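The next block holds one structure in the form of structure tokens; read it before the comments.
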Amino acid sequence: MSLFRFPLLFLLLVLLGSGHGRAQNPLAGSWRGSLLIGGSRLEITLRCSAQGDSLAAVMDIPQQGASGLRLANVRAPLPEVHFELSAGPGLAVFDGTLRADSITGEFRQASFTGTFALARMVPETFPYRVEEVRFTGDSIALQGTLTLPEGAGPFPAVVLIAGSGGVDRDELVFGFPVFKVLADTLTRRGIAVLRYDKRGVGRSTGSLSGATTEDLARDAGAALRALREHEGIDLERVGLIGHSEGSAVAMVLAARDAEGVAFVIAVAGAAVDGERLALDQVDRIEALKGTPRAEIDRLLTLQREVFAAAKTGTIGEPVRAKLREEFRREIERQLSAMPREQRSQLPGSDSLASLRVNAEFATLTSRWYRSFLNSDPAVTIRSVRVPVLALFGEKDVQVAPALNRVPMEKALGLPGESSHSVVVIGGANHLFQEAQSGGPWEYGRLKREFHPEFIGRLIQWIHEPGAKGK
């Protein structure tokens, strides 16, 4: 949630952009490859699906945590392939050629040019059933994937609720499909799992812009109803697993629908208000990067000023000017470290800073952000009457246990309330990988698998909600 210190590659992504067809259309399916621009390589995936006589497609850029970016004007007068992505300073246009199971071509946007190459992904096979599920919530058509163990059941089941941002059902974060791996792991152990695209992402309709925790809780409630209506589900053992902001969504839903929810698992869920959480993120991440204490304090002072304006809806030109100058100085430092040839292909620091300010203001002035800053999840947590397992990663710097564990325990009524449990997983980061430093820059470099204790705790709780374990 912090505003500062994004690498230049993120700024390039802003410039870059921060299926449907007949069943026989060779473009339909999933493709994986890379985009080469300005000496930098970005992994990309493309998913095309058939809808009547046209094609629809979405793109993921895992290294930057971007998923479900909707593509426009998807055309395939074979062997030529064309699609577009609208964002940043102008339209990003991809023109390529399909040859057997590969697509290669050129990319251009404003003064930027590059190349891309994609290869068809071989469909995966699983030792369990995989079903596409559609359901309606809040007048929005949502879509997801239900994985069911083999056999007649009934099976214990969970709804996975993703964290903040426009993530799809797989919750792809820096190349790690967190929810896809989690669903696979749980289903192989006899648990049914429903994960879904957030509103306005992937194959779900509606718009994520401005959606608050309350709005997302209604979507999660629709997913819960769809899961409970499916044949083979043990209605006495249906729970919610929320990751990061998804934990707050799960708590809201559980507080409202105690009869339909058997348990909640809060994975890296905050128990303090949004402003405290965001300030703590800045402090810890900058300290981990080795930023001098005086500089961190300066950033925190500016961050507090921005938050004060955002919370009251009074953001004006003085705050905008301060942010623009902050971004400009950081961008100049990043540009100075780049080769001259690469720098020559980029706009100047003033232009990049203005782009960044515009992107930040779209967030800062949104209904969602004001709600986030003013939120106090502890109020909702105190209203939850079903067993809750709250898991924190020892090295998590986004939702640090040092800030959130005690407030979570107090909100749950611990140690007196025996049906709840709060556990810190040693050595785990925000995604519950076995981490080195815990910094977000590690997410894409670590193994795309979970800490074994994390999985063990989940399995035990799902089968025996309220079990403390050892």
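The values are calculated or read from the model by the stated rules, or taken from the named source; none is laboratory data. What you see is a predicted model, and the numbers here were worked out from it, not measured in a lab. Virtual Cβ from ideal backbone geometry, glycine too; neighbours counted across all protein chains shown.
Some points to look at:
- Taken over the range 113-136, the criterion of being assigned to a strand (DSSP E or B) and in contact with a Lys or Arg (Cβ under 8 Å, 6 or more places away or on another chain) is satisfied by GLY114, LEU118, ALA119, PHE135.
- Condition check for VAL201: surrounded by 21 or more Cβ atoms within 10 Å (Cβ to Cβ), modelled with pLDDT under 90 and closer than 17 Å to ASP215 by Cα: yes
- Residues being over 20 Å from VAL384 (Cα atoms) and touching a Phe, Trp or Tyr at 6+ places or on another chain (Cβ under 6 Å) are represented in the range 214-230 by at least one member.
- Hey, ALA56 buried (at least 19 other Cβ atoms within 10 Å of the Cβ), among the aliphatic types (A, V, I, L, M), under 26 Å from THR363 (Cβ atoms) and at pLDDT 80 or above or not: no
- Hits in the range 15-49 - residues which are modelled with pLDDT under 75 and either among the hydrophobic types (A, V, I, L, M, F, W, C) or assigned by TED's automatic domain parsing to the domain that holds VAL173 (or both): LEU15, LEU16, ALA23, ILE37
- Meets criteria (over 19 Å from ARG284 (Cα atoms), modelled with pLDDT under 95 and not polar (S, T, N, Q)) for PRO440: no
- Test: residue in the range 161-179 that is buried (at least 21 other Cβ atoms within 10 Å of the Cβ), at pLDDT 95 or above and touching an Asp or Glu at 6+ places or on another chain (Cβ under 7 Å): yes
- Selection within the range 428-440 - surrounded by fewer than 21 Cβ atoms within 10 Å (Cβ to Cβ) and either closer than 23 Å to GLY274 by Cα or out of contact with any helix residue (DSSP H, G or I) (no Cβ under 9 Å at 6 or more places or on another chain) (or both): GLY439, PRO440
- Filter pass, THR147 being of a type in the set (Ser, Thr, Tyr), part of a strand (DSSP E or B) and over 26 Å from LYS447 (Cα atoms): no
- Residue check, GLY413 under 23 Å from the mean Cα position of the chain (by Cα) and surrounded by fewer than 17 Cβ atoms within 10 Å (Cβ to Cβ): no
To keep it simple, each residue is scored yes or no on (1) modelled with pLDDT of 85 or more; (2) among the polar types (S, T, N, Q); (3) in contact with a strand residue (DSSP E or B) (Cβ under 6 Å, 6 or more places away or on another chain); (4) surrounded by 21 or more Cβ atoms within 10 Å (Cβ to Cβ).
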{"site": "GLY242", "(1), (2), (3), (4)": "yes, no, yes, yes"}
{"site": "GLU245", "(1), (2), (3), (4)": "yes, no, no, yes"}
{"site": "VAL264", "(1), (2), (3), (4)": "yes, no, yes, yes"}
{"site": "VAL267", "(1), (2), (3), (4)": "yes, no, yes, yes"}
{"site": "ALA287", "(1), (2), (3), (4)": "yes, no, no, no"}
{"site": "ARG298", "(1), (2), (3), (4)": "yes, no, no, no"}
{"site": "THR301", "(1), (2), (3), (4)": "yes, yes, no, no"}
{"site": "ALA308", "(1), (2), (3), (4)": "yes, no, no, no"}
{"site": "GLY348", "(1), (2), (3), (4)": "no, no, no, no"}
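- Filter result for ARG169 (in the same structural domain as LEU458 (by TED's automatic domain parsing), among the basic types (Lys, Arg) and over 20 Å from MET59 (Cβ atoms)): no
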